[in-house]
Structures are given as structure tokens and as C-alpha cells.
Amino acid sequence: MFRSASSATLVSRYFISINHPRIAPLTIPLAKLTNHAPISFQSTTTEWHKDNRNRREEYQQQRKWKTKGPVRFLVASSFLSWFSKKNDDEDTPESQLITIIKRSILSIQKEEYQKAEQMLHLALKMAQDLQSKDGITYIYDIMANLAMEVGDFAKAEKLFVNVMQRLFSDGFVEDHIKMLHISSKVAHLAQLQGHLDKAAQGFEWTLAKLEEKLKQLGDDNSKEIRELWGITKNWYAQLLMENKRFAEAKQAFLQAYEAYTEIHGLLTEEGLTILNNLSVACSNLEDYASAERFLKEAIALAAQIPDLSEAGVYKANLGLLYLQQGLLRQASEFCTFAWRYGKQHKHEETVIQASYCLEQIKAMQK
């Protein structure tokens, strides 16, 4: 006989949370999309205290499942004014430097990381020879983002601190938007390295400064700050999930979703990722009605985005949610669909989760 209490405990261990790089760049999800057995929220405390090498390997593996979008250098983009002062049509040392930097960014977007690293070191040497202070800072920032991209979190943190020190020396104050971009990423890097108290302090300080700025600025001038606030809220929500502060995580995810969709609209993979994670938070709170509502909303929106690889994950999650509640018929319907979708789109994680769900249904029917 199926017992809802024990089944809920069992199945909740395998409820996925995914995270998209374009919304929270280079973030390890709480339950990772890997080719290993499904990972639970309950097991994340143990997982999070593995050594950094294992973290990097898992991080790089989970990124293989993501649809790659444009790499976003949140801090580096603030140096674009440096580009505007130069004319890269001229055959000068400065224009050659600009060309190499642009090519390095393109290589990162193509996931040609070793090539990008080599070009950035060349660009750094050129910038140093030219004594281009802004150029050196810009290159260090790209290097930090590249280190973050490949999962070398300690190196990324060191480089970001270097960028921050250079900005301080140029007269930037600690709550300047450039500084807040970096402080948000440094907090996130602390989280990725398992330094959760340090991460919490960093996120809370950054969010407080951003909220002060939002109060000071009108709606017409706050888009960049609002977006950074939403990204930081999303990362902070993941930290709250790790610390099992599910009610607070739910509110943070809701705020991040509102900020993101306000700027980018509803039909984005990033927004659907937050809806999925909202459902995970609600599931941990045993608020199954809300968890179902968020997942169904994600599934409906996903149907309007062509060839969305993670659409099957949402279906599998809904099946697992029904399984938690002992609703075997509904669970079988959604997990069967998810399995077929995963096979059709060659999305292995969807197949793994759906297969696990179907196996559990068979076991409970015996």
C-alpha cells in the first residue's frame, strides 16, 4: 500500500532545481544537472562541502546541459566607454589591443577557453606596454569572468578583488555601480566555494546598497541597478535554499522573478528557471498547490519557446511533485511525457529524472 508520508520523504530527495547561466552567470544549481544520479536538496549540505576540485568538475559538467547564451561581463561592460574613446579602424597599437580583446570575448562565447586565455595574456602585456590603466583593468575583469566560466573560483575571486582595488585607486567609492557588480560576484564566488557565512554577508551588504540606490533614483534611471538587484536576489535565494531557509528563499525567488520579467518579459528561459526554482522552494515548504502552480506556469510558457531543452525537466518535476503527493496516475502521465521528450531532444538529464520517477511508480504499485 502506498503511504504518502514515506513516499514524500523519498521523492523529495530528487526534486531538481536548475539554473540558467544568463540569469545567474556561472552558478552551480542547488541540485545539479549532471550525468550522475539525481541530487537532492536534502543532500546539498554534504555536496557543498566537497573539495574545490570536485566542485569545479561538477560545475563544468552541469554547464554542458545549458543552452549557451551571450557571455555577460557585467563589470567589464561598464568599461565600454574606454572602447568609445578609441577608433579600431586605425592601425595603431591601441586598435590592435581592442581587436584582441574583442576576439578573446568572442572565443569565450564560443567556449574556446584556452584560446581566450592566451589572447587575454597577450592583451594584458600590450596594455601594460601602452601603460593603459583602463585597458589593464578591463582585461583583468574579463580574466575574472573567464575564470568564473571555467570553474576556477579562487582565481576568479582574486582577479575580481584586483579589479576592485584598481577601481578604488581610481577614486571609485564602495557603493558605485561598478563596485556593486563586483561585490555581488565575489559573494557568489564565496558561495560556490562553500563559504556560506561570507557569501551571506556579501549578498546582504550588496542588496542593501542597491536598495538605497533604487530609492534615490527614478524608474527611468534604475534599469541597470534593478537588474543587478534581481540577479543578486536570485543568487541569494539559492544560498537561502542551501541553508534550508525555504520561506525566505521563496520570497527572494519571487522578487528576482519580478525584477527579471519586468525588464526582459515572460518568454525567456531565464524566467522559467526561476519559476522552476520557486516550485522547489514551495515543495520544501510542503506548499504543493503553489509548487504545482509555478511549474504549470513554467510549462505553459515553455510551450511558446521553440526547442527549449529544459521543457522536459519541468514536466519531470511536475511528475515528481505528483508522486510526492501519492497521485500516481498524474505522476505517470507527466513522467512518461518527460521521458519521451528527453529521448526526442537528446536531453539526458530529463531522461534520468523521468526514468527515476517511473521506476518509483512501478515500485509503489507492487
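What the table shows:
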read-out: Scan of segment 270-290 for residues that are within 22 Å of Asp197 (Cβ to Cβ) and open to solvent by 10 Å² or more (accessible area, probe 1.4 Å), ordered by number; value: Asn284
read-out: Inter-residue pairs, beta-carbon under 7 Å, first without any contact (Cβ under 8 Å) to a residue 40 or more places away in the chain and within 16 Å of Glu310 (Cβ to Cβ) and in segment 328-345, second hydroxyl-bearing (Ser, Thr, Tyr) and not in a helix (DSSP H, G or I), 6+ apart; value: His345/Ser309
read-out: Hey, Asp141 in contact (Cβ under 8 Å) with a residue 12 or more places away in the chain, among the acidic types (Asp, Glu), surrounded by 21 or more Cβ atoms within 10 Å (Cβ to Cβ) and over 21 Å from Leu207 (Cα atoms) or not; value: yes
read-out: Subset of segment 236-248 (residues that are open to solvent by 10 Å² or more (accessible area, probe 1.4 Å) and within 15 Å of the chain's Cα centre (by Cα)); value: Tyr236, Glu242
read-out: Any chance Lys233 is under 19 Å from the mean Cα position of the chain (by Cα), of a type in the set (D, E, K, R) and assigned to a helix (DSSP H, G or I); value: yes
read-out: Those residues of segment 159-203 which are polar (S, T, N, Q) and either touching a helix residue (DSSP H, G or I) at 6+ places or on another chain (Cβ under 6 Å) or open to solvent by less than 10 Å² (accessible area, probe 1.4 Å) (or both), in sequence order; value: Asn162, Ser183, Ser184, Gln191, Gln193
read-out: Segment 71-102: number of residues that are within 28 Å of Ser184 (Cα to Cα), loosely packed, with under 15 Cβ neighbours inside 10 Å and at pLDDT 90 or above; value: 1
read-out: Residue that is at pLDDT 95 or above and assigned to a helix (DSSP H, G or I), where the choices are Thr273, Thr336, Thr350; value: Thr336
read-out: Among residues of segment 306-329, those that are assigned to a loop (DSSP other than H, G, I, E, B) and either out of contact with any helix residue (DSSP H, G or I) (no Cβ under 7 Å at 6 or more places or on another chain) or of a type in the set (D, E, K, R) (or both), counted; value: 4
read-out: The listed residue being within 20 Å of Gly230 (Cα to Cα), out of contact with any Cys (no Cβ under 7 Å at 6 or more places or on another chain) and not polar (S, T, N, Q), out of Ala311, Ala281, Ala303; value: Ala281
read-out: Subset of segment 143-153 that is in a helix (DSSP H, G or I) and under 18 Å from the mean Cα position of the chain (by Cα) - its residue that is farthest from Ser104 (Cα to Cα); value: Phe153
read-out: Single condition Leu122 does not satisfy, out of (1) within 20 Å of Ile225 (Cβ to Cβ); (2) part of a helix (DSSP H, G or I); (3) open to solvent by 50 Å² or more (accessible area, probe 1.4 Å); (4) not basic (Lys, Arg); value: (1)
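Every residue, every condition in (1) at pLDDT 95 or above; (2) farther than 19 Å from Leu192 by Cα; (3) open to solvent by less than 10 Å² (accessible area, probe 1.4 Å), yes or no:
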residue: Lys250; (1), (2), (3): yes, yes, no
residue: Phe253; (1), (2), (3): yes, no, yes
residue: Tyr257; (1), (2), (3): yes, yes, no
residue: Thr268; (1), (2), (3): no, yes, no
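The values are calculated or read from the model by the stated rules, or taken from the named source; none is laboratory data. Because the structure is a prediction, the values reported are computed rather than measured. All Cβ positions, even for glycine, are placed from backbone atoms using ideal geometry, and neighbour counts span all protein chains on display. Accessible surface areas use protein heavy atoms only, side chains included; no ligands, DNA or RNA. Shrake-Rupley method; radii C 1.70, N 1.55, O 1.52, S 1.80 Å.
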